[in-house]
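What follows is calculated from the coordinates using simple rules that are stated; it is not laboratory data. Only a predicted model underlies this, so the values are computations on that prediction, with no experimental measurement involved. Because the Cβ atoms are built from the backbone with ideal geometry, glycine has one as well, and the counts that use them run over all protein chains shown.
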Amino acid sequence: MTTSKVDHPSHYRANTGVEAITVIEAWGLNFNLGNVIKYISRAGHKLDHAEDLEKALWYLQREVNRVKESGDVDR
């Protein structure tokens, strides 16, 4: 697999060889949960580790709020 800054950069598969997008698509995650996985999997490999985790937390809280508002808490 070739790499570039846009397509398959090294921090996308750090340590595992698996890209977050592969997991997100395989699990059928929505936008919010996909971003949680993306930011957690890349945390500390590109810029600010804490910032990546804060972004993951932001998307997770957004998904929690969405689920609560929709009443779909048992799914």
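Treating each Cα of segment 19-75 as one equal point scatterer and applying the Debye formula with no solvent, the log10 of I(q)/I(0) at q = 0.19, 0.26, 0.29 Å⁻¹ comes out as -0.68, -1.00, -1.09.
Full extension of the chain segment joining ASN65 with VAL18 gains 14.0 nm, where the gain is 0.36 nm per residue of separation less the Cα-Cα distance. Taking amide H as placed 1.01 Å from N in the peptide plane, GLY44 has its amide H under 5 Å from the amide H of HIS49, ASP52, each at least 5 places away in sequence or on another chain.
Note on GLU54 and TRP27: the model spin-label points, each 7 Å out from Cα along the C-beta direction, lie 2.4 nm apart.
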